[in-house]
Amino acid sequence: MTQTWSPAAYGENGAFVHELAGGVLEWLAPRQGEEILDLGCGDGQLSKRLAAGGATVRGVDASPEMVESARSRGVAAVQGSAEALPFDDARFDAVFSNAALHWVSDQDAMMREVRRVLRPGGRFAAEMGGQGNIAAIRVALMAVLARHGFADREDGVNYYPTAAAYTQRLNRHGFQVQRIGLIPRPTPLAAGGMKGWLRTFRSGVLAGLPLELRETVVEETAALLEPALRDEAGNWVADYVRLRFVATC
């Protein structure tokens with residue numbers, strides 16, 4: 001599956017991603033004059049917040065459309081893979097990431113690269129999906145996909161680890177975990193509701209289906225989820241669980 005990102009759709013249905021990032025920014029504790037890499041910078045909203053505090057920020061993202069959107073906000077962003085970062089060794093005081101690491105296919109390669117570009121004593125602070133993240137959404141979507149003969153399309157889309165498993169992985173790559181925890185965070189969705197969320201955050205899954213089936217999958221998945229995730233006023237709340245950590249090398 002190849003996930004694609006539309007800056008317009010992301011801005012409409014995913015603004016909560018940067019709006020709810022205050023906690024991980026606090027754990028990063030950026031300092032004036034530091035050089036910070038925003039890994040998976042998306043449309044650059046958080047990169048700008050980091051730079052406003054006096055840090056020198058570079059962004060990197062796999063999506064050319066999101067890189068262009070970040071650049072339009074004045075962010076020094078480049079297109080690149082988390083598993084092969086386009087930066088010199090020991091370049092940054094800190095690597096920051098929000099809502100991106102669970103999209104990385106090769107977690108070990110990513111950690112090797114983060115370790116490589118960090119200066120000795122540098123910080124790796126991030127928030128990503130953790131165990132139990134969007135559990136109801138995934139179960140409903142998998143059930144609908146199976147009904148239509150595409151049961152495997154949700155397999156391996158994201159990686160949602162436990163705190164213990166991710167601590168062990170970070171330790172294997174030479175990081176010392178300072179803080180880590182799973183944080184349940186029920187998340188109100190935008191006006192597009194669950195259908196907008198699915199079209200934005202499962203665009204790759206939908207793109208792998210026959211064209212005539214895509215909206216059917218969206219409609220049926222939303223209908224299954226309505227009793228659990230939509231309140232009597234019509235507001236949708238996604239069952240997010242975040243894994244937040246800060247580690248040093």
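Every number in this text was worked out from the coordinates using simple rules, so none of it is lab data. Predicted, not measured: the structure shown is a model, and the values here were computed from it. In this analysis, Cβ positions are derived from the backbone assuming ideal geometry, glycine residues included, and neighbour counts consider all displayed protein chains.
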Residue list for region 24-40, restricted to those being assigned to a strand (DSSP E or B), closer than 19 Å to LEU243 by Cβ and of a type in the set (A, V, I, L, M, F, W, C): LEU39
Those residues of region 197-249 which are within 30 Å of PHE124 (Cβ to Cβ), β-branched (Val, Ile, Thr) and assigned to a helix (DSSP H, G or I), in sequence order: THR200, VAL205
Helices (runs of 4 or more DSSP H) (entirely within region 94-196) containing at least 1 residues that are of a type in the set (Val, Ile, Thr), in contact with a Lys or Arg (Cβ under 7 Å, 6 or more places away or on another chain) and crowded, with 19+ Cβ neighbours inside 10 Å: 107-117
Every residue from region 76-101 that is within 24 Å of TRP5 (Cβ to Cβ) and touching a residue at least 60 places away in the same chain (Cβ under 8 Å): PHE96, ASN98, ALA99, ALA100, LEU101
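Does ARG242 meet the test of being over 17 Å from MET142 (Cβ atoms) and either among the charged types (D, E, K, R) or out of contact with any helix residue (DSSP H, G or I) (no Cβ under 9 Å at 6 or more places or on another chain) (or both)?
When the stated conditions are applied, ARG242 passes them.
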Single condition LEU213 does not satisfy, out of (1) closer than 27 Å to ALA146 by Cα; (2) in contact with a Lys or Arg (Cβ under 7 Å, 6 or more places away or on another chain): (2)
Neighbours by Cβ (under 6 Å, 6+ apart or cross-chain): first from region 233-249, in contact (Cβ under 8 Å) with a residue 24 or more places away in the chain; second charged (D, E, K, R) and surrounded by fewer than 21 Cβ atoms within 10 Å (Cβ to Cβ): TRP236/ARG230; TYR240/ARG185; ARG242/ARG185; VAL246/ARG179; CYS249/ARG115
Index of the failed condition, ASP43 passing every other in (1) surrounded by 23 or more Cβ atoms within 10 Å (Cβ to Cβ); (2) part of a strand (DSSP E or B); (3) of a type in the set (Asp, Glu): (2)
Selection within region 46-93 - among the charged types (D, E, K, R), touching a helix residue (DSSP H, G or I) at 6+ places or on another chain (Cβ under 9 Å) and not in a loop (DSSP other than H, G, I, E, B): LYS48, ARG49, ARG58, ASP61, GLU65, GLU68
